[in-house]
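One structure below.
Just so you know, all these numbers are worked out from the coordinates, no wet-lab data involved. Note that the structure is predicted; figures quoted are calculated from it, not measured. Because the Cβ atoms are built from the backbone with ideal geometry, glycine has one as well, and the counts that use them run over all protein chains shown.
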């Protein structure tokens, strides 16, 4: 899926368009509000994260920083949340695209699941 | 190769800067994607711990043939019960830290899973040092 297709699918507004489209498009979704949970998920996958879309209800700078550190390049804020200027500035610095959709997390996940996007492929937990 | 990055306690707007710089250094050195990701996760969680709980601290990075070592050391309250702090879900985070998306009691557990080896030393009332080792495959 391209950014343009995602924007249309989720009736989203693009707040900042920063990232170059991955060659294979966006094919995976991670829905998460806790940044430590996002880090835990990313530590359990060997997927290249540039094809991952992050859906989150958090719209603070830590979401951008966390995404940058694990190579996520596209974030969609839920329920029409708009990031602060500080958050947008950090997205610009990190080259991360940010969008805002009116949909809830459940509905957004449902729509993208219908569009055949995948969950993050977790590797077996060795704990 | 040795680098040091200061981290200011309570400076949430700058939290992650040091880890981002460490990640860029490792990328420039051509270190593998998987190792960079694991170092970034562990480094960032430890940096957030300094920002959230300590007065000040720093991240020390040592890159040697075959291994990367990160040491996160701080001046702060220390950890009274390290075993308890390592349990997933145990947290002393404030509501503000939780609003940032952290403080779910996963930080030290995430560091332990991301690193090949982790050692925590802490003195209550003085501070904490977390040593993390990553083997380069």
| note | When restricted to A:87, A:66, A:14, the only residue in contact with a helix residue (DSSP H, G or I) (Cβ under 9 Å, 6 or more places away or on another chain) and in a strand (DSSP E or B) is A:14
| Counting just the residues of region A:58-70 that are at the interface with chain B (Cβ under 7 Å from one of its Cβ atoms) and more than 12 Å from residue B:19 (Cα to Cα), which one comes out surrounded by the most Cβ atoms within 10 Å (Cβ to Cβ)? | A:63
| task | Sort out which residues of region B:1-17 are within 11 Å of chain A (Cβ to nearest Cβ) and either at negative phi or surrounded by fewer than 16 Cβ atoms within 10 Å (Cβ to Cβ) (or both), and write them in order of number. | result | B:12, B:13, B:14, B:15, B:17
| field | Count - residues of region A:82-104 that are surrounded by 14 or more Cβ atoms within 10 Å (Cβ to Cβ) and within 14 Å of chain B (Cβ to nearest Cβ) | value | 8
| Filter region B:22-31 for residues that are within 13 Å of chain A (Cβ to nearest Cβ) and surrounded by 15 or more Cβ atoms within 10 Å (Cβ to Cβ); which is nearest to residue B:58 (Cα to Cα)? | B:22
| query | Does region A:25-55 hold any residues that are out of contact with any helix residue (DSSP H, G or I) (no Cβ under 6 Å at 6 or more places or on another chain), more than 14 Å from chain B (Cβ to nearest Cβ) and in a loop (DSSP other than H, G, I, E, B), and which are they? | reply | A:25
| What number of residues within region B:64-112 are out of contact with any helix residue (DSSP H, G or I) (no Cβ under 7 Å at 6 or more places or on another chain) and closer than 27 Å to residue B:35 by Cα? | 14
